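**Q** Dropping the structure in here first, questions after.
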Amino acid sequence: TVMTYSGQPIDAVFSADSGGATENSENVWGTALAYLRGVDELAGYQPGTWTITYSAAQIAGLVTAWSGQNIGALEQVALQGVAQTFSGRPLDVLFAGSGGQYTVWRDSIRGLLRLPSTLFPLSSDGQVYAQTADGVSTIASLSGANAQAAGGLGPLPATVQVEGASGATASYPLVPTTYTLNGRGNGHGLGMSQDGAQYMAEQGLS
């Protein structure tokens, strides 16, 4: 017995843990397949979680090891295309440094950053969270270019002091020195989730 779509055998892929939702095939491997569409896991499913923290120098080293390109001192890591995917996985990640830029695409993100999956939000020690009048928290980006424009001539400091509503101050680096990835799942996220299938069986589904 084989599984087919439009009379042809399917590529019956699977991964260990979807992280809560599978993904559309073109957002992982670049080819759209009608039977590999993103779906949410059954309500109540608890995906595995993981946390990895890298220094800026470590990420720059991973970029060089993967691509052979030296981007210099890392200045920015940007997840792109997250809103365009079903599960919230980035379509690509941009690494910008003092010596250039490099972009890694789709599932290759896992390989370059040595991650269990590509389902992760990214934070850094250079991010400031500000609360607006209506109570919504937003991230205020601290960039060297903006600080230079606001501060006038002269060298930029390594850090900036931010005063909160309570009057307490905290110091943040203008260029992040560490990046933290708080992820979910294990594997590419296409097709059947093995842990998800086990959970469905435990709930009594046939």
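**Q** Please enumerate the residues belonging to region 96-139 that are at positive phi and open to solvent by 50 Å² or more (accessible area, probe 1.4 Å).
**A** ARG106, ARG114
**Q** Another one. Suppose we filter TYR35, TYR54 for residues that are at pLDDT 95 or above, touching a strand residue (DSSP E or B) at 6+ places or on another chain (Cβ under 8 Å) and assigned to a loop (DSSP other than H, G, I, E, B); which single one remains?
**A** Numbers: TYR54 fails: assigned to a loop (DSSP other than H, G, I, E, B).
Answer to the check: TYR35.
**Q** Which residue is farthest from TRP105 (Cα to Cα), if the candidates are limited to region 1-48 and must be among the hydroxyl-bearing types (Ser, Thr, Tyr) and under 23 Å from the mean Cα position of the chain (by Cα)? Before the answer, list the steps.
**A** Looking only at region 1-48, we keep the residues that are among the hydroxyl-bearing types (Ser, Thr, Tyr), and these are 1, 4-6, 15, 18, 22, 25, 31, 35, 45.
With the extra rule that they be under 23 Å from the mean Cα position of the chain (by Cα), the set shrinks to 15, 18, 22, 25, 31, 45.
Numbers: SER15: 19, SER18: 19, THR22: 18, SER25: 13, THR31: 13, TYR45: 28 Å.
Per the criteria, the residue is TYR45.
**Q** If you don't mind, there's one more thing I want to ask. Return the residues of region 3-45 that are out of contact with any Asp or Glu (no Cβ under 7 Å at 6 or more places or on another chain), touching a residue at least 40 places away in the same chain (Cβ under 8 Å) and polar (S, T, N, Q); say none if nothing qualifies.
**A** Of everything in region 3-45, those that are out of contact with any Asp or Glu (no Cβ under 7 Å at 6 or more places or on another chain), touching a residue at least 40 places away in the same chain (Cβ under 8 Å) and polar (S, T, N, Q) turn out to be SER15, THR22, ASN24, SER25, ASN27.
**Q** Give me a count of the residues in region 1-48 that are among the acidic types (Asp, Glu), crowded, with 20+ Cβ neighbours inside 10 Å and out of contact with any Leu (no Cβ under 7 Å at 6 or more places or on another chain). It would help to see each step written out before you state the result.
**A** Looking only at region 1-48, we keep the residues that are among the acidic types (Asp, Glu), and these are 11, 17, 23, 26, 40-41.
Okay, now just the ones that are also crowded, with 20+ Cβ neighbours inside 10 Å, so 17, 23, 41.
Keeping just the survivors that are out of contact with any Leu (no Cβ under 7 Å at 6 or more places or on another chain) gives 17, 41.
So the count comes out to 2.
**Q** Tell me, please, whether a residue that is within 21 Å of THR178 (Cβ to Cβ), touching a helix residue (DSSP H, G or I) at 6+ places or on another chain (Cβ under 6 Å) and assigned to a loop (DSSP other than H, G, I, E, B) can be found in region 99-117.
**A** The answer is no, given that none of the residues of region 99-117 is within 21 Å of THR178 (Cβ to Cβ), touching a helix residue (DSSP H, G or I) at 6+ places or on another chain (Cβ under 6 Å) and assigned to a loop (DSSP other than H, G, I, E, B).
**Q** May I ask you to say which residue of VAL93, VAL63 is touching a strand residue (DSSP E or B) at 6+ places or on another chain (Cβ under 7 Å), part of a strand (DSSP E or B) and open to solvent by less than 20 Å² (accessible area, probe 1.4 Å)?
**A** Numbers: VAL63 fails: part of a strand (DSSP E or B).
That would be VAL93, the only listed residue that is touching a strand residue (DSSP E or B) at 6+ places or on another chain (Cβ under 7 Å), part of a strand (DSSP E or B) and open to solvent by less than 20 Å² (accessible area, probe 1.4 Å).
**Q** Ok, one more. Could you please tell me which pairs satisfy a Cβ distance under 7 Å, a separation of 6+ or placement on different chains, a first residue in region 159-173 that is touching a residue at least 24 places away in the same chain (Cβ under 8 Å) and open to solvent by less than 60 Å² (accessible area, probe 1.4 Å), and a second residue that is polar (S, T, N, Q) and part of a strand (DSSP E or B)?
**A** Between residues of region 159-173 that are touching a residue at least 24 places away in the same chain (Cβ under 8 Å) and open to solvent by less than 60 Å² (accessible area, probe 1.4 Å) and residues that are polar (S, T, N, Q) and part of a strand (DSSP E or B), the close pairs are VAL162/THR169; TYR172/THR159; PRO173/THR159.
**Q** Would you mind stating whether LEU91 is under 30 Å from ALA201 (Cα atoms) and touching a residue at least 40 places away in the same chain (Cβ under 8 Å)? Lay out the reasoning, then the answer.
**A** Values: under 30 Å from ALA201 (Cα atoms): no; touching a residue at least 40 places away in the same chain (Cβ under 8 Å): yes.
Answer is no for this residue.
**Q** Same structure, new question: Inspect region 184-203 for any residue being crowded, with 18+ Cβ neighbours inside 10 Å, at pLDDT below 90, among the aliphatic types (A, V, I, L, M) and on the phi < 0 side of the Ramachandran plot and give the result as yes or no.
**A** Scanning region 184-203, I find no residue that is crowded, with 18+ Cβ neighbours inside 10 Å, at pLDDT below 90, among the aliphatic types (A, V, I, L, M) and on the phi < 0 side of the Ramachandran plot, so the answer is no.
**Q** Quick one: would you say ALA150 is out of contact with any helix residue (DSSP H, G or I) (no Cβ under 9 Å at 6 or more places or on another chain), modelled with pLDDT under 95 and in a helix (DSSP H, G or I)?
**A** Numbers: out of contact with any helix residue (DSSP H, G or I) (no Cβ under 9 Å at 6 or more places or on another chain): yes; modelled with pLDDT under 95: yes; in a helix (DSSP H, G or I): yes.
Yes; evaluated as a whole, the condition is true for this residue.
The values are calculated or read from the model by the stated rules, or taken from the named source; none is laboratory data. Bear in mind the structure is a predicted one, so any value in this text is a computation, not a measurement. As a convention, Cβ positions derive from the backbone with ideal geometry for all residues, glycine included, and neighbour counts pool all protein chains shown. For accessibility, only protein heavy atoms count, side chains too; no ligands or nucleic acids. Shrake-Rupley method; radii C 1.70, N 1.55, O 1.52, S 1.80 Å.
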